[in-house]
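A short write-up of the structure that comes next.
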Amino acid sequence: IDYLRTYGSFTSNVTQTNSNVGNAIMMTLNNTEYANGVSIVSNSQITILRPGYYNLQFSAQMEKTDSGTDEVEIWLKKNGVNVANSATRLAQQGNNEKGVAAWNWLIDADTANAYFEIAWGSTDANMQIVAIPAANTLSGVDVPSLIVTVVPVGA
């Protein structure tokens, strides 16, 4: 059996603002930590070379920069189309409130070079996905705005 390892680990060290209030925005990734057969195309397309089932996991450091309570929705897109039953809505309360949105999806890359994107949206212009540089953390370790990993199911 020839086992072709396919995996990817990606991060973003850029704060991602709500640049299209009330509409879908694609989360972006600008760093490849480790990858084989998975790549980032056009900053947001998590592209998988080999067909198969994969576990796509993410964590996003959400931040609200004004008072009150506001909501954000996050969902998955496959080849540019919204994936049914993939959305979650979160509420954040208070100025500079941070929270981590983190979950995973079982995805079907049914063709070579299928791509997936993590979409988000909020009606609040002050919602963002924040990156915190190491110089501003207690640990001296960067807090990426987004972390994504992709591993094959059954590996």
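The values are calculated or read from the model by the stated rules, or taken from the named source; none is laboratory data. Source: prediction; values computed, not measured. For neighbour counting, all protein chains shown are included, and Cβ atoms are generated from backbone atoms with ideal geometry for every residue, glycine included. To get the accessible areas, we keep the full protein, side chains included, count just its heavy atoms, and leave off ligands, DNA and RNA. Shrake-Rupley method; radii C 1.70, N 1.55, O 1.52, S 1.80 Å.
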Q. Pick from Glu73, Glu117: which is within 19 Å of Gly8 (Cβ to Cβ) and not β-branched (Val, Ile, Thr)?
A. Glu117
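Can you find even one residue in the stretch 140-149 that is within 22 Å of Leu76 (Cβ to Cβ) and of a type in the set (Asp, Glu)? Full working, then the answer.
Step one: list which residues in the stretch 140-149 are within 22 Å of Leu76 (Cβ to Cβ), which gives 144-149.
Checking the rest, the ones that are also of a type in the set (Asp, Glu) come to none.
Among the residues of the stretch 140-149, not one is within 22 Å of Leu76 (Cβ to Cβ) and of a type in the set (Asp, Glu), which makes the answer no.
Considering the stretch 110-146 alone, what residues qualify as being in a strand (DSSP E or B) and out of contact with any Asp or Glu (no Cβ under 9 Å at 6 or more places or on another chain)? Step through it out loud before you land on a result.
Our first condition is that a residue be in a strand (DSSP E or B); within the stretch 110-146, this holds for 114-121, 127-129, 132, 143, 146.
Hits for the stretch 110-146 are Tyr115, Phe116, Glu117, Ile118, Val143, Leu146.
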Q: Considering each of Val81, Val100, Val141 in turn, give the residue that is in contact with a helix residue (DSSP H, G or I) (Cβ under 6 Å, 6 or more places away or on another chain), open to solvent by 60 Å² or more (accessible area, probe 1.4 Å) and of a type in the set (A, V, I, L, M).
A: Val141
Q | Odd one out for Asn30 among (1) under 13 Å from the mean Cα position of the chain (by Cα); (2) closer than 15 Å to Asp108 by Cβ; (3) without any contact (Cβ under 8 Å) to a residue 24 or more places away in the chain | A | (2)
